[in-house]
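A quick write-up on the structure given underneath.
Only the coordinates and a few stated rules stand behind these numbers; no lab work does. What you see is a predicted model; the values in this text were computed from it and never measured. Please note: Cβ atoms are built from the backbone with ideal geometry, for glycine as well, and neighbour counts cover all protein chains shown.
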């Protein structure tokens with residue numbers, strides 16, 4: 001199983017277009033050692049030609065241009081994107097679907113019932129695509145059973161409901177539904193190796209911890225370094241928890257959680273990194289702390305093979 005990070009940033013990318021925090025200003029000026037990043041998304045494949053796109057970010061066209069495997073040019077109109085899964089209905093995970101409208105066949109789209117509701121009402125992407133390529137919608141089971149995507153052979157997928165809120169535009173924003181946000185475990189059917197992906201984690205329920213402890217690769221929420229990061233910078237009045245994200249530091253933070261996972265050989269990688277997070281600075285003290293704990297920081301183009 002091959003897995004590649006298309007985008008490793010949280011919503012807005014890095015640098016964020018309207019932000020002049022130390023990180024964003026520094027990367028523009030070249031005064032900090034940091035990589036630019038697009039908004040979070042990954043691709044998964046076994047044959048390296050047919051890929052499952054997991055979340056379609058607003059930066060999708062830039063990401064396709066950056067990675068030749070997504071444009072294999074086997075015929076006049078072609079794409080390496082064989083199917084799409086969206087883990088929630090957040091703007092930074094679904095807007096890129098509109099960029100796929102030139103397909104000459106309906107887009108295979110795998111979503112939960114609650115996400116489909118949002119993409120058919122509050123942000124009617126599915127209805128809009130109906131006027132272009134169309135959508136071939138597939139459900140995602142939330143009962144613990146695995147499912148497969150025929151266009152991407154050799155991989156089984158398990159979806160885990162996460163504690164979260166639907167997007168602000170959602171008709172059920174204040175009445176969370178099971179399936180508003182999910183984590184995914186990808187299982188290579190040949191090797192049995194597992195990769196767990198959850199760019200947004202607001203709470204670690206027992207079933208989520210169980211999935212994390214059974215994985216060989218963890219790609220998990222790296223949004224904020226501290227709970228009050230955005231407040232202290234004067235950029236928001238919400239804590240990380242109120243935004244639906246675990247901070248890396250503090251009691252029950254992501255560092256502490258990842259330290260508790262002792263599976264031999266597991267790679268622990270933070271993804272969905274907010275533009276304010278000091279771990280973006282390659283030579284900063286926060287990166288040294290992560291290294292001491294055996295935790296890596298995802299970057300665009302980072303690749304894994306399981």
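Is one or more of the residues making up the stretch 163-179 closer than 27 Å to residue 295 by Cα and assigned to a strand (DSSP E or B)?
no
Out of all the residues in the stretch 140-160, which are in contact (Cβ under 8 Å) with a residue 12 or more places away in the chain, surrounded by fewer than 19 Cβ atoms within 10 Å (Cβ to Cβ) and part of a strand (DSSP E or B)?
Looking only at the stretch 140-160, we keep the residues that are in contact (Cβ under 8 Å) with a residue 12 or more places away in the chain, and these are 140-142, 144-147, 149, 151-160.
Now drop any that are not surrounded by fewer than 19 Cβ atoms within 10 Å (Cβ to Cβ), which leaves 141-142, 144-147, 151, 153-154, 156.
146, 147, 153, 154, 156 - these are the residues of the stretch 140-160 that are in contact (Cβ under 8 Å) with a residue 12 or more places away in the chain, surrounded by fewer than 19 Cβ atoms within 10 Å (Cβ to Cβ) and part of a strand (DSSP E or B).
Quick one: residue 213 ticks every box in (1) free of Cβ contacts under 8 Å to residues at least 60 places away in the same chain; (2) closer than 20 Å to residue 295 by Cβ; (3) touching a strand residue (DSSP E or B) at 6+ places or on another chain (Cβ under 9 Å) bar one, so which box is it?
Going through (1) free of Cβ contacts under 8 Å to residues at least 60 places away in the same chain; (2) closer than 20 Å to residue 295 by Cβ; (3) touching a strand residue (DSSP E or B) at 6+ places or on another chain (Cβ under 9 Å) one by one, residue 213 breaks only (3).
If you check residue 173 against the conditions, is it in contact with a strand residue (DSSP E or B) (Cβ under 8 Å, 6 or more places away or on another chain) and either closer than 21 Å to residue 252 by Cβ or surrounded by fewer than 22 Cβ atoms within 10 Å (Cβ to Cβ) (or both)?
Working: in contact with a strand residue (DSSP E or B) (Cβ under 8 Å, 6 or more places away or on another chain): no; either closer than 21 Å to residue 252 by Cβ or surrounded by fewer than 22 Cβ atoms within 10 Å (Cβ to Cβ) (or both): yes.
No; evaluated as a whole, the condition is false for this residue.
Somewhere in the stretch 47-57, is a residue out of contact with any strand residue (DSSP E or B) (no Cβ under 7 Å at 6 or more places or on another chain) and within 20 Å of residue 85 (Cα to Cα)?
The answer is yes, given that some residue of the stretch 47-57 is out of contact with any strand residue (DSSP E or B) (no Cβ under 7 Å at 6 or more places or on another chain) and within 20 Å of residue 85 (Cα to Cα).
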